[in-house]
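See below for the structure under consideration.
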Amino acid sequence: MQAGLCIAMGATALGAQSSGYGLPKTDARMNRFVDSVLARLTLEEKLGQLTQYRGPWGLTGPQTREAGAADIKAGRVGSFLGVRGAAATRELQTIAVTQSRTRIPVLFADDIVHGWRTIFPVPLAEAASFNPEIAERTARVAAVEGAAAGIHWTFAPMVDITREPRWGRIVEGAGEDPFLGSIIAAAKVRGFQGRSLRDSLSLMATAKHFVGYGAAEGGRDYNTTDIPLRTLHEMYLPPFEAAVKAGARSIMAAFNEIDGVPMHANKRLIDGVLRDRWRWDGILVSDYTGVMELLQHGLSADSAAVGRLALDAGVDVDMVSNIFYKDVAREVRAGRLPVAVVDSAVRRVLRTKYELGLFTDPYKGSSTAREQALTLTAESRSLARTAAQQSIVLLRNERNTLPLTAAGKTIAVIGALASDARSSLGGWAAAGRAEDAVTVLAGIRNAVGSNGRVLYAAGAPVEERDTTGFAEAVRVAREADVVVLVVGEHQDMSAEARNRSSLDLPGVQQQLVERIYAVGKPTVAVLMNGRPLSVPWMASNVPAILETWYLGVEHGNAVADVLFGSVNPSGKLPVTFPRTVGQIPIYYNHKNTGRPSDAKERYTSQYIDVPFTPLYPFGHGLSYTTFSYSAPILSRAKAGTHESVDVSVTVTNSGSRTGEEVVQLYVRDDAGSVTRPVKELKGFTRVSLAPGEQRTVTFRLTPELLAFYDLQYREVVEPGTFSIMVGGSSEQLQRTTLELTGRVHVLDARPIR
Ligand code: GLC
């Protein structure tokens, strides 16, 4: 038996002692240069530096004016959203550095979220891999391809935690857990930014959307949020702090308000948390028309006033509202906004351009030749396939229905999504093209080849209530030895402004599933979706279910790799799957309440019409093998509140084939000065084990990982007992108890506010 030791460190923590991280090196030469440029600018030119116009690809919200050469020459543009390609960006940059009075280069930004032309799994899918190394590598490739196309700045990673599966943008983030979300956020920032922003193949990363966007009431995008202070700091802020610690040089403001203050005017959180508590000095960019939306929020009826509010709150760049340029100058001249506030924002923008090396090489080596050479390479496709394989979650596999054998078999592939190449890419697919994507149907055909027969029927559209295709689908199923049903949502049913009031299969797909299942052949369901789905009938009847989300250009090949067993699935759910939309909010790190849910006790927190448990819990994911866990062993059963403790667990592959397992560590502070969640993820690591092989995994539990905000809103670790839990999901856990003794350990006495 092989016993190895690997230390899996916990990641970010609540507001870890702010040591000024995120501040670029104090570079006197840079500051002198920036001040020399600033000194030469008129007020209008300063405001031009703070203005972002959209380019041809930048219409990602309400209609706005596209900027062009005249705007650049006049000094009205500091950056562009949505200008694509080395040729187009070089053309506009040449105007900026040769025909404008200031000669200041412009920044080119775009939404490079999960790939540029090589599209990788959507972020929610990639989070299911619980593999930060893969997340970093895919971001690195996205950066290379985007930078080769002349982009300097990506509006990613989206780090919004959410417990709202109705919300369309759940697909863009890493799910419901702040610990996983923080590790992924940091990995993405490292991947996008690389070793240095000066590197011609790096992109400036943007942690978005600051903050609390995922708490939109009703799951309706842009809606009001209601976030208690502790929840804000323990749930929604940590991934932003992790991104800042990882060096993110940009953050985007969120559309929502918090406690009556829209984020685009939220000085308390922008200045108070980002600038003061975390001492971060990057650039804060508005969201699309976010400054103008302060009018709709009702902060003022005057656009100059909302421009002043946003600038004064710390918003540095006005994305496509054009209010900073058009209206703020008169606020300054009327003495209502000190020019020093404008200068601070302009300094940050100029420093960014300096850090990116644009003043020395405005083109950063971009060329159409380099763009073609570095885009959609065989290596990037191979990485896309690996990332996709690891993002697939095996939800159910009764009677070992999976993996399938293809030889000599007739396989019926049924479902409109099986041939939907565009949906394979998911939302926010940047420069991705449907023709680059391998569909599930194509992937199965690639895998089966001439060894078997593959039949196809769409069966039913995804959304329309049209059952006319059922008969053909039933006929095809009858002719087959095994049926692969591909159902779910098409890609335009999630992402921005694509919210659903239901989590059921759209259209008549549920009826199709039941009709095909009734044919009586061995049936496998493949889900393609951008959010948790409530599929209780399927979960009780269809023997095998794969969650495949939208996996990018290699979607179909990765699904086939898992279906036919060349890859053993290893993904775990980064979000809870409810039984029904009526259970929302439902998440794993919930409070115990005074009457914890108990089906055997009437007067406890539960429903009369569905079980209180989820359909599938956070961290759930099966394998074609099985894993067993020893009880966790502590390096010490007792420790001081200021000390770290190691937690070791031995994992055994108790099955018959090699597999990867995501070993998870959860902690519960059994009693605190305020109520604490029944469990919180505080560590995870992937281990690959051959049949019979064992591995001892050790996690280091540090005070930062056990900290929370006490009654005085200080970051502390309190003495008392902690339940320490390890296992392969948030519900399959082995436990032990740690006791911390001594005084309250204060990590940060500055109360959050
Ligand atoms: C959109 C999104 C944001 C995106 C921006 C630019 O409205 O909210 O995530 O980066 O506009 O496309």
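The values are calculated or read from the model by the stated rules, or taken from the named source; none is laboratory data. Just so we're clear, the structure is a prediction, and the values are computed from it rather than from any experiment. In this analysis, Cβ positions are derived from the backbone assuming ideal geometry, glycine residues included, and neighbour counts consider all displayed protein chains. These area figures cover heavy atoms from the full protein model, side chains too; ligands, DNA and RNA do not enter into them. Shrake-Rupley method; radii C 1.70, N 1.55, O 1.52, S 1.80 Å.
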Checklist outcome for this item: Over the range 64-86, the set of residues β-branched (Val, Ile, Thr), open to solvent by less than 10 Å² (accessible area, probe 1.4 Å) and assigned to a loop (DSSP other than H, G, I, E, B) is 77, 83
Checklist entry - Name the pairs whose Cβ atoms lie under 6 Å apart, with the first residue in the range 29-45 and over 27 Å from residue 330 (Cβ atoms), the second surrounded by 15 or more Cβ atoms within 10 Å (Cβ to Cβ) and of a type outside the set (A, V, I, L, M), and 6 or more positions between them or separate chains? => result 30/354
Item to check | Qualifying positions in the range 164-180 - within 16 Å of the ligand (Cβ to nearest atom) and of a type in the set (Gly, Ala, Ser) | outcome: 168, 173, 174
Checklist entry - Hey, does the range 583-593 have a residue that's without any contact (Cβ under 8 Å) to a residue 40 or more places away in the chain and more than 29 Å from the chain's Cα centre (by Cα)? => result yes
Checklist entry - In the range 598-609, is there at least one residue being among the hydrophobic types (A, V, I, L, M, F, W, C) and open to solvent by less than 10 Å² (accessible area, probe 1.4 Å)? => result no
Checklist outcome for this item: Residue hits (the range 175-202; touching a Gly at 6+ places or on another chain (Cβ under 8 Å), closer than 13 Å to residue 136 by Cβ and of a type outside the set (S, T, N, Q)) are 189, 190
Checklist entry - Tell me, which helices (runs of 4 or more DSSP H) wholly within the range 420-534 include 3 or more residues that are among the hydrophobic types (A, V, I, L, M, F, W, C) and more than 16 Å from the ligand (Cβ to nearest atom)? => result 440-448, 470-479, 509-517
Checklist entry - Can you tell me which residue in the range 24-54 is surrounded by the most Cβ atoms within 10 Å (Cβ to Cβ), limited to those that are in a loop (DSSP other than H, G, I, E, B) and at pLDDT below 95? => result 24
Next on the checklist: I'd like to verify a number: residues in the range 271-296 that are within 16 Å of the ligand (Cβ to nearest atom), open to solvent by 10 Å² or more (accessible area, probe 1.4 Å) and assigned to a loop (DSSP other than H, G, I, E, B), how many?
Outcome noted: 2
Checklist outcome for this item: Over the range 117-133, the set of residues open to solvent by less than 10 Å² (accessible area, probe 1.4 Å) and either within 16 Å of the ligand (Cβ to nearest atom) or in contact with a strand residue (DSSP E or B) (Cβ under 7 Å, 6 or more places away or on another chain) (or both) is 122, 124, 128, 130
Item to check | Matching residues in the range 475-522 - criterion: being of a type in the set (Val, Ile, Thr) and either farther than 20 Å from residue 408 by Cα or crowded, with 24+ Cβ neighbours inside 10 Å (or both) | outcome: 483, 484, 486, 487, 508, 513, 516, 519
Item to check | Matching residues, the range 428-461, being on the phi > 0 side of the Ramachandran plot and touching a Phe, Trp or Tyr at 6+ places or on another chain (Cβ under 9 Å) | outcome: 430, 459
Checklist entry - Quick one: which of 265, 248, 253 is closer than 15 Å to residue 213 by Cβ and either open to solvent by less than 10 Å² (accessible area, probe 1.4 Å) or hydrophobic (A, V, I, L, M, F, W, C) (or both)? => result 253
Checklist entry - All but one of (1) touching a Lys or Arg at 6+ places or on another chain (Cβ under 7 Å); (2) within 16 Å of the ligand (Cβ to nearest atom); (3) part of a loop (DSSP other than H, G, I, E, B); (4) hydrophobic (A, V, I, L, M, F, W, C) hold for residue 139; which doesn't? => result (3)
Checklist entry - How about the range 175-208: which of its residues are open to solvent by 10 Å² or more (accessible area, probe 1.4 Å) and assigned to a loop (DSSP other than H, G, I, E, B)? => result 194, 195, 196, 197, 198, 199, 200, 201
Next on the checklist: Checking the conditions here, which among 553, 562 is aliphatic (A, V, I, L, M), part of a helix (DSSP H, G or I) and either out of contact with any Cys (no Cβ under 7 Å at 6 or more places or on another chain) or within 25 Å of residue 114 (Cβ to Cβ) (or both)?
Outcome noted: 562
Next on the checklist: Which pairs turn up if I take residues in the range 56-67 that are at negative phi and look for partners that are small (Gly, Ala, Ser) and near the ligand (Cβ under 9 Å from one of its atoms) with beta carbon separation below 6 Å, at least 6 apart in sequence or on another chain?
Outcome noted: 57/82; 58/82
Checklist entry - For residue 343, which of the numbered conditions (1) open to solvent by 10 Å² or more (accessible area, probe 1.4 Å); (2) free of Cβ contacts under 8 Å to residues at least 60 places away in the same chain; (3) of a type in the set (Asp, Glu) fails to hold? => result (2)
Checklist outcome for this item: Of the residues in the range 78-102, those that are within 16 Å of the ligand (Cβ to nearest atom) and aliphatic (A, V, I, L, M) number 2
